[in-house]
Amino acid sequence: MCVLELNNVSYSYEKKSKEVLKDISFQFEKGKVYAITGKSGRGKTTLLSLLSGLASPTKGKILLDGKDISGLDHYRYRSHDIGVIFQSFNLLPKLTAIENVILSMDISGKKYNNKKKTAMELLEKVSIGEEESNRRILKLSGGQQQRVAIARALSCNPAILLADEPTGNLDSETQKDIMQIFLELAHKENCCVIIVTHSNEVAESADVVYKL
């Protein structure tokens, strides 16, 4: 069943400027990993900004469960319905891994019986143990930081994960490990995972590839 849909979406930065995206219609279902590929300048990151509600289409609609997201509270949309994973991780370096996840939980406004326990369970899901969870971010490797970023994105239990070049700064072996996490989240936990990527290996691992 389609959970997120682009319906003839176009986007330009100014009214009379060239369209970065034109008449894009994609459908995304739960339980699958999607790779969005294309050469630089084709609008991949712009598309992710539209899906995350950080920008609005010039034309067309983006639908969440059939509802136009333009009519939704975008703060609530980003803190409840979707989780976003950035290429640069965007973790707070002065905090530990677990503190980064807990902070995200606080921001979401959701209620948890035991935040620390829930945060630790999320970190363990992405193979971050108790010792690593109590280290500050800069004391972790790039692969470990990406895992923390995934755990943080999962903290609001979103139906959709959006990832911007999540393996761009990682070695090939770590890239495989991170992709395995995404595949398990989709196939075992019925999450919809949407990845913007330049990597052929990532695209080949995905269930569906959309090319811009």
With unit charges on the beta carbons (Lys and Arg positive, Asp and Glu negative) and the dipole taken about the Cα centre of the chain, which residue among Gln27, Leu63, Leu4 sits farthest to the positive side? Leu63
For region 2-198, what are Rg and Dmax over the alpha carbons, in angstrom? 16.9, 54
If you find the alpha carbon centre of region 41-56 and of region 74-149, how far apart are they in angstrom? 23
Only residues of region 1-38 count here: report those whose backbone N is under 19 Å from the spot 7 Å along Cα→Cβ of Lys61, or say none. 1-11, 22-29
Which of the listed residues, Ala163, Gly129, Ala206, is farthest toward the dipole's positive end in the chain, when Lys, Arg count +1 and Asp, Glu count -1 at the beta-carbon? Ala163
What is the distance, in nm, between label points placed 7 Å from the Cα along the Cα-to-Cβ direction at Ser25 and at Tyr77? 2.1
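Please identify the trypsin sites (Lys or Arg not before Pro) of region 97-202 that satisfy two criteria: DSSP loop assignment and at most 12 other Cβ atoms within 10 Å. Which are they?
Lys111
Mind ordering 190-199, 40-49 by average Cβ neighbours within 10 Å, highest first?
In decreasing order of mean packing, 190-199, 40-49 become 190-199, 40-49.
Only the coordinates and a few stated rules stand behind these numbers; no lab work does. Note that the structure is a prediction, hence the values are computed from the model and not measured. So basically every Cβ, Gly included, is an ideal-geometry build from the backbone, and we count neighbours across all protein chains shown.
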